[in-house]
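All of the numbers you see were taken from the coordinates with simple rules; none came from a lab. Since the model is a prediction, treat every value here as computed from it, not as a measurement. Cβ atoms come from the backbone with ideal geometry, glycine included; neighbour counts cover every protein chain shown.
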Amino acid sequence: MRRSEFLKAMGAGLLATPAGLRQAAAQGQDFPSRSVRLVSGFAPGGGTDILARLVAPRFAEGWRGTGMVVENRSGGSGTLGAIAVARAPADGHTLLLMPNSQTILHHVQRNSGFDLPNDLAPVGMIATSPLVLAVRAGLPVRSIAELVALDRADPGRLNHGSAGSATAPHMAGELFNIMAGTRLAHVPYRGSGPAVTALVSSEVDMSFNPYNSIEGFVRDGRLRVIAVLGAQRYAGLPDVPTVAESGYPGYEVDLWYALMAPAGTPAPLVARINADLNRVLAEPATARGLAERGFLPAPGPPGALAAVIRADLARWKTVTDRIEVRLD
């Protein structure tokens with residue numbers, strides 16, 4: 001079963017039923033006893049921080065007015081924030097908003113002092129953000145087939161820019177190289193902003209990018225989207241096929257963001273927080289806020305998130321081992 005299908009099925013699982021919600025609500029009735037810290041491992045202004053500040057205020061309504069406070073712990077591509085949560089008491093009062101880049105960093109960071117599968121407990125998926133393959137306006141390709149043909153005519157000439165080594169956009173390009181047999185060269189930048197600037201200015205040929213970071217440039221014609229990287233087409237680009245549809249079945253890369261707790265957090269408490277998260281994601285105001293910022297809500301139980309994490313850890317180990325990328 002594909003990850004997207006699994007999420008959809010699990011999202012309709014036990015915790016989404018009235019009985020499941022009542023059971024979760026009955027457990028951990030004394031929670032929270034104080035403000036909850038929601039740690040973002042990145043500086044203010046980025047996608048992870050924006051999402052954290054969007055959902056955090058929505059929890060207060062179901063928590064008898066007790067708030068959730070966003071705390072930025074930037075550094076190590078998000079790993080310093082993850083370490084801070086992993087070392088916190090397992091009482092639900094310190095949580096992490098984690099992007100899926102941690103499933104890549106698990107394989108490439110040396111001596112980080114953090115082990116994702118053992119140090120954090122999945123609470124629930126929050127949202128996804130569509131990734132797309134965008135090319136500079138002057139590149140003479142309008143489809144995956146044309147891109148592959150151009151690469152094969154002159155192997156190694158084409159390149160793709162990303163927000164940095166071992167990021168999801170970087171790995172999306174490497175996975176494409178493996179599956180399509182292309183030789184797109186990777187050009188890392190210091191963040192998504194410089195990477196987008198490089199693409200718009202034709203410093204690089206293409207980028208595997210979140211659509212919400214380039215939408216304006218697509219609309220004004222400076223960039224062209226030739227494929228969606230997820231398993232399904234994106235509603236905002238209904239005429240753009242997926243990479244899988246374009247001849248490479250099984251190719252699927254999304255950005256996703258999840259709520260995590262310290263390992264050892266009691267299961268009833270995890271269930272209670274998951275139920276509150278799903279309530280927040282179901283609120284119309286939250287849905288509007290997510291849509292305005294290019295996110296898609298992805299509610300579901302902890303087990304669905306745990307399965308996604310396991311699948312991504314296995315997928316990116318295969319890729320990182322093959323390209324031998326390591327970060328000190």
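Express the C-alpha Rg of the stretch 131-228 as a ratio against the empirical globular expectation 2.2 N^0.38 Å, rounded to two decimals.
On the way: Rg = 11.9 Å, N = 98, 2.2 N^0.38 = 12.6 Å.
That works out to 0.95 for the stretch 131-228.
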- Count charges around Ala137 for me, please; just the other residues with Cβ under 12 Å from its Cβ, Lys/Arg as +1, Asp/Glu as -1. +2
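So, with +1 on the Cβ of K and R and -1 on the Cβ of D and E, and no other charges, what is the size of the charge dipole of the chain about its Cα centre, to the nearest 20 debye?
Roughly 280 debye for the chain.
What is the local net charge at Leu175, summed over the other residues whose Cβ is closer than 13 Å to its Cβ (Lys, Arg +1; Asp, Glu -1)? Don't jump to the answer; show the numbers that get you there.
Working: positive: Arg315, Lys317, Arg322; negative: Glu174, Glu252, Asp254, Asp312, Asp321.
Combined, the nearby Lys, Arg, Asp and Glu give -2.
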- Item | Within a Gaussian network of the chain (alpha carbon springs, distance under 10 Å), most fluctuating of Pro117, Pro302, Pro99 | Pro117
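Given the Cα-Cα distance of Ser74 and Asn118 and 0.36 nm per residue of separation, how much length would full extension add, in nm? List each step's numbers first, then the result.
Working: separation 44, 0.36 × 44 = 15.84 nm, distance 2.15 nm.
In short, 13.7 nm is gained.
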- Task: Mind giving me the nanometre distance, one decimal, between the label points for Arg322 and Ala306, set 7 Å out from Cα along Cα→Cβ?
- Result: 3.0
- Fewest to most neighbouring Cβ within 10 Å: what's the order for Thr94, Thr66? Thr66, Thr94
- Message: Sorting check: for 147-158, 270-281, which peptide has the highest mean count of neighbouring beta carbons within 10 Å, and how do the rest follow?
- Response: 270-281, 147-158
- GNM result for the chain, Cα springs below 10 Å: residue of Thr197, Thr242, Thr79 fluctuating most strongly: Thr197
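Out of the DSSP beta bridges found with both residues in the chain, what percent are antiparallel (nearest 5)? Spell out each step's value before the answer.
Values: 24 of 40 bridges.
DSSP beta bridges in the chain are roughly 60 percent antiparallel.
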- Given 4 °C, 1.567 mPa s and a Kirkwood radius over Cα pairs, the Stokes-Einstein diffusion coefficient of the chain in µm²/s is 64
- Item | Leading residue at positive end of dipole, the chain (Cβ point charges), from His170, Gly47, Leu133 | Gly47
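Could you size up the charge dipole of the stretch 131-228 around its Cα centre, putting +1 on the beta carbon of Lys and Arg and -1 on that of Asp and Glu, and report it in debye to the nearest 20?
Working: 9 positive and 8 negative charges, 15 e Å.
Roughly 80 debye, rounded to the nearest 20.
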